[in-house]
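Please read the structure below before turning to the comments.
The values are calculated or read from the model by the stated rules, or taken from the named source; none is laboratory data. Just so it is clear, the structure is predicted and the values come from calculations on it, not from any experiment. Every residue, glycine as well, gets a Cβ built from its backbone with ideal geometry; the counts of neighbours run over all protein chains shown. Side chains are part of the model used for accessible areas, which takes the heavy atoms of the whole protein and leaves out ligands, DNA and RNA. Shrake-Rupley method; radii C 1.70, N 1.55, O 1.52, S 1.80 Å.
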Amino acid sequence: MLALSVAATVAAAVWAYLVVGHGGYWRTSQWLPRVSGEPGRWPDVVAVVPARNEAAMLPVTLPALLGQDYPGPLSVILVDDGSTDGTAEVAAALGRGSGRPLHVVAGAPTPQTPQAPQKPQTPDAAGPWAGKVWAMAQGLRAAGIPSAGEAADTPEPERRYVLFTDADIALAPGALRALVAAAEGDDRDLVSQMALLRTATGWERIIVPAFVYFFAQLYPFRRVNKPGSRTAAAAGGCMLVRRGALERSGGVAPIRGALIDDVAMGRMIKGQRGRTWLGLSRQVVSVRPYPGLASLWQMVARSAYTQLNYSPLLLAGTLLGLLFSYALPPAAAITGLTQLAAGAGTNTAPAALAAGAGLAGLALMSLSYLPMLRLYRLSPLRAPGLPLIALLYAAMTADSARRHYAGRGAEWRGRTNRTRLR
């Protein structure tokens, strides 16, 4: 019991640090900066939409993108990434009469031979192109943005932007206008908003808020937004990037092997001393349904081990960390309270310490989860269930590693990444 009480005390101390000193990750306080006034001249924006078998999503999302209340020039490039469901035809039909230029690009097969790097090698730049990043690169080429090693002759590249968005993302009418105003007013090279994910089903209400919570815990938004901070990330559903920053990096070639393209994009822009911003939004919404646990499991497991750089040591540390931080406090509380209720023995101090520390840790983690539940308009009574959700995520992470070593890699939308550990 003494060992349990000591461990529970350490876990409570960890939660005290996370709540007080870990960048305020749990506060859901990072929203698009309010800027005084609007640009005198609205810059050109090109939206790049990689799409693979998204015919069901486009009738909801593409009209919202084409119908943006944006005063400046806006054009849309949709890259059909080998779809078999008529994605290109649906997109072309939706674009007719929209009033905005829509260019549907037939995506070329992903190159199997890596190109010679133009810059120092990084893990994301090594190996062959990842499917989505290759589609993004083709969209940039269609927009006239040069790849690595090509000359750039774009007039005023710092006054032009590229919006990377996904085919399942529906933008509110003024979303792009607000993004550009924030980028111009606050001088940001990358402005990204975390899409509000769907929580219509029971499993979505369990898994989705925790998904955003854990992402923010890994990449505290306030630290991402602080110039000079080493923390870098973005949210792939909505990334507004200054064209000049993309030209300086040679497009997306430096992150061509990235399976988690949004975090890689944030690192790439911040690596060139660019100013980045990441926050939450109710104006950027994902309409993709995840009707059951299987689809949500796939969403997490496809990239969890990639997030750990395919490292067995990081995997073991992550699983132990999840158990220690999330499972230990309630286990200690239950064990300690049970011992106290039984009244076994004369020395009840270890049991009391285990119960008190366990309850303190559970209370702190529950309190830290409340703002995320509020964001998704869910009952605060769900907060004490976070330890069980963390165990579920631990199982998904372990399964992600199992899939990797089984050669199944990151399976997503009919494509399997079979890259082995580098």
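What you get for the chain, charging only the Cβ of Lys and Arg (+1) and of Asp and Glu (-1), is a dipole of about 560 debye around the Cα centre.
Would you mind computing, in nm to one decimal, how far apart the modelled labels at Leu391 and Ser29 are, each placed 7 Å from Cα along Cα→Cβ? Label-label distance for Leu391 and Ser29, simple model: 3.3 nm. Taking a ≥ b ≥ c as the square roots of the eigenvalues of the Cα gyration tensor, region 267-321 is oblate, since a/c reaches 1.5 or more and a/b is not larger than b/c. Take region 283-352 with all the other protein chains still there, run a 1.4 Å probe, and you get 48 Å² of accessible area per residue. In the full protein context, region 166-276 carries 30 Å² of accessible surface per residue, based on a 1.4 Å probe and ignoring ligands, DNA and RNA. Normalise the Debye intensity by I(0) for the chain, one equal point scatterer per Cα, no solvent, then take log10 at q = 0.11, 0.14 Å⁻¹ and round to two decimals. Taking Cα atoms of the chain as identical point scatterers yields -0.85, -1.32.
Rounded to the nearest 10 degrees, the inclination of helix 293-307 to the longest alpha-carbon principal axis of the chain is 80 degrees.
Length gained on full extension, Leu314 to Gln272: 12.4 nm, using 0.36 nm per residue less the C-alpha separation. Taken over region 168-281, the alpha-carbon convex hull comes to 108 cubic angstrom per residue. Split the accessible area of region 204-336 by element, probe 1.4 Å, and carbon with sulfur accounts for 61%.
Measuring how big region 1-75 is from its alpha-carbon positions, Rg and Dmax come out at 23.7, 68 Å. Note on Ala92 and Asn347: the model spin-label points, each 7 Å out from Cα along the C-beta direction, lie 8.0 nm apart.
Hey, if you put +1 on the Cβ of every Lys and Arg and -1 on every Asp and Glu Cβ in the chain, which of Tyr290, Thr28, Val48 ends up farthest toward the positive end of that dipole? Checking the options against the dipole of the chain, the answer is Thr28. Using Cβ point charges alone (K and R +1, D and E -1), the dipole size of region 241-300 about the Cα centre works out to roughly 320 debye. Relative to the compact globular guide of 2.2 N^0.38 Å, what is the alpha carbon radius of gyration of region 223-343, as a ratio? Dividing the Cα radius of gyration by 2.2 N^0.38 Å gives 1.47. Dividing the mean sequence gap of close Cα pairs (under 8 Å, 6+ apart) by how many residues region 160-284 holds gives a relative contact order of 43 percent. Our coupling estimate for region 94-102, obtained by passing each phi through the Karplus curve with A = 6.51, B = -1.76, C = 1.60 and θ = phi - 60°, is 5, x, 5, x, 6, x, 10, x, 10 Hz, Gly and Pro reported as x. Close amide-amide hydrogen proximity is noted between Ile77 and Ala47, Val48, Val49, His103, each under 5 Å apart and 5 or more residues distant or on a separate chain (H modeled in the peptide plane; Pro and chain starts excluded).
Each residue of region 36-50 is assigned a 3J(HN,Hα), and the resulting list reads 7, x, 10, x, x, 9, 6, x, 5, 10, 10, 9, 10, 10, x Hz, derived from the Karplus form 6.51 cos²θ - 1.76 cosθ + 1.60 (θ = phi - 60°), x at Gly and Pro. Principal-axis analysis of the Cα atoms of the chain puts helix 328-342 at an angle of about 20° to the longest axis.
Is it possible to state the helix-based mean residue ellipticity at 222 nm for the chain, with each DSSP H run of 4+ residues giving -39500 (n - 2.57), the sum divided by total residues, to the nearest 500 deg cm²/dmol? What is it?
The helix-only estimate for the chain comes to -14000 deg cm²/dmol at 222 nm.
Mean separation of Cα pairs under 8 Å and 6 or more residues apart, divided by the residue count, gives the chain a relative contact order of 22 percent.
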